[in-house]
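Notes for the one structure printed next.
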Amino acid sequence: MRRVVLILLMLFAVSCQYEHTLVVNFEGFESDKVSVITQSLSDYAADRKGDKMINRYSLHNNQLILDINLQRPTVVRIYNNEQLGAPFCCAELLLDCDDKVVCTMRRVNERIETKVSGSRLNADLAEFNNILSKECTGQEDHVRIIADFVTSHPKSQASPFVLLDFDYADYKYAKQLCDKLNESCFTGVCAPLKGVIAKRATMPTISEASRGEMAPDFTAVTATGEEFTLSEWRGKWVVLFFCDIGEVFCILGMSSMRRYYNLHRDRMEVVCIECEMSKRLWKNSIKAWDLDWTSIYAEDKTLYYLYGVEGYPTKIIISPDGIVHQYYNTEGEEFYREIDRIMR
C-alpha cells in the first residue's frame, strides 16, 4: 500500500510539473542563482539586441519554476550564475505560446548536459547543445557540428533554428543545408525561418564585392535623429568604424580615431556603427566620449552582414567615388598610416 501511495505521489508531482510553462531542475551546481534571458524569435532571427529581457532568480530545492505569459514564439536561455558567460553553458529553448517544458541541467566538470521533455523541438535542441558543449573548441568545430546535426535531423524543427547560428560568411552554406531539409521542419514556430536564411544567403557583402568595388549603399538614423545615406557622401572619404564601444580594442582605438578625425574632418567623415552595446549605454558612451562624428546604432546586424564584419573594431575606408578602398579588421597602425597617405 505504501509503495502504491509513493508511486501516486510521484505521478502527481510529475503531472504538476507540466502545469507550468517551464520547470528547470539543476544538478551538480553550487550556486542557487539563475539568469534567464528571453527574446522573441523574430528579434533573435534578425539579430536585434534591444528587446532582450534578463531576469534573475533564486532556486528553491535546486529547481526553477516559471509561468511565462508568452505572446509569441520566444527564445529562452537559462544560465546557472556559476557558469554565466562560459561558452555553451546554458540551456537554450524555443518556446511557443502553449508549450509546457521540463528541463534538467546537469553540470559535468566545466560543461553542462541538458535533457528536455514535453517538446520534441526542444529535446532536439538539447541534443545539439550537448554536442556543442562537449566537442566545440572553435569556429571550424561550430560549423561542422551544425552541418552534421542538420544533415542527421532533416525532419526536426530544431534544424532551421540551429542554422541561424552560422556566421555571415557561411550563410550560402546554410541555405544549401536549409534546402535539403524536409518541409515538415518549417511548420509552427519555425515557419518563417526558411525565408530568413534564404534572405541572408543572398545578401551582398563586401567579402564578395571586395576592394575596388562599389560599397553597398545603406540608410540609417544617427544618434542626433538625422538620416545618413552613404551614397550622399560622395566627394568625401568615409571611414565606416564598426565597433563595440565596451570592447577593449575599440576603446584603445577611440582616441586615435578621434584625433585623426579632427585633423581631417574637412575631407573625411567617420561613421561609428555600434553593433553590440545596448542603446542606452551607447548614448551614454557618445556623451562620455564627446563624440561629434556620425554615430549609428545597429538595431539588428544587417550592416554587420552587409559589410562582412568578423570582429571589432572593423574599419572600412571608402573613397570619394564610393569605392571600397581598404578593409581593416583589427586595431593597428596600418589603418592610420593609410589615412596619412591618402590625406597628403
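The values are calculated or read from the model by the stated rules, or taken from the named source; none is laboratory data. Because the structure is predicted, anything quoted here is derived from the model rather than measured. Neighbour counts are summed over all protein chains in view; Cβ atoms, including those assigned to glycine, are modelled from backbone coordinates with ideal geometry. Note: accessible area is taken over every heavy atom of the protein model, side chains too, but ligands, DNA and RNA are not part of it. Shrake-Rupley method; radii C 1.70, N 1.55, O 1.52, S 1.80 Å.
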Could you tally up the Lys pairs in region 58-177 with alpha carbons closer than 23 Å? Skip any pair fewer than 8 positions apart unless they're on separate chains. 6
Within region 240-304, report the trypsin sites (Lys or Arg not before Pro) that DSSP leaves as loop and that have at most 15 other Cβ atoms within 10 Å. Arg265, Arg267
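In terms of the Cα gyration tensor, with a ≥ b ≥ c the square roots of its eigenvalues, is the chain rounded because a/c is under 1.5, prolate because a/b exceeds b/c, or oblate? Numbers along the way, then the final one.
Numbers: a/c = 2.60, a/b = 2.01, b/c = 1.29.
Prolate.
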Please list the non-local residues whose amide H lies under 5 Å from the amide H of Glu213, H modeled 1.01 Å from N, same-chain partners needing a gap of 5 or more. Val324
Residue by residue through region 230-247, what is 3J(HN,Hα) from phi via Karplus (6.51 cos²θ - 1.76 cosθ + 1.60, θ = phi - 60°)? Round to whole Hz and write x for glycine and proline. 4, 5, 7, 9, 4, x, 9, 5, 10, 10, 8, 10, 7, 8, 10, 4, x, 8
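What shape does region 207-344 take by its C-alpha gyration tensor, where a ≥ b ≥ c are the square roots of the eigenvalues and a/c under 1.5 counts as rounded, a/b above b/c as prolate, and the rest as oblate?
Details: a/c = 1.34, a/b = 1.19, b/c = 1.13.
Rounded shape, in that the Cα axes give a/c under 1.5.
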Take the alpha carbon gyration tensor of region 301-344, find the square roots of its eigenvalues, order them as a ≥ b ≥ c, and report rounded if a/c is under 1.5; if not, report prolate when a/b exceeds b/c, else oblate. oblate
Please name whichever of Leu240, Met254, Tyr327 sits farthest to the positive end of the charge dipole of region 223-344, dipole taken about the Cα centre and charges placed at Cβ: Lys and Arg +1, Asp and Glu -1. Met254
Can you find, among Leu125, Gly138, Tyr173, the residue sitting farthest towards the positive end of the charge dipole of region 49-189, where Lys and Arg contribute +1 and Asp and Glu -1 at Cβ? Leu125
May I ask you to list, by number, the DSSP H helices of the chain whose Cα span along the axis is at least 18 Å and whose average Kyte-Doolittle hydropathy reaches 1.6 or more? 2-17
Ignoring ligands, DNA and RNA, please state the percent of accessible area on the chain from carbon and sulfur, probe 1.4 Å. 51 percent
Sorting Val101, Ala158, Val270 by the position of each Cα along the dipole of the chain (Lys, Arg +1; Asp, Glu -1; all at Cβ), the one nearest the positive end of that ordering is Val101
Just to check I understand the Karplus step: with θ = phi - 60° and J = 6.51 cos²θ - 1.76 cosθ + 1.60, what whole-Hz values come out for region 64-76, glycine and proline as x? 10, 10, 10, 10, 9, 7, 7, 9, 7, x, 9, 8, 10
Per-residue HN-Hα couplings for region 291-306 [Karplus 6.51, -1.76, 1.60; θ = phi - 60°; Hz; x = Gly/Pro]: 7, 10, 7, 6, 10, 10, 9, 7, 4, 10, 9, 4, 5, 4, 6, 4
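Can you work out the accessible area per residue across the chain, with the rest of the protein chains kept in place, probe 1.4 Å, in square angstrom?
Values: 17410 Å² over 344 residues.
I get 51 Å² per residue for this part.
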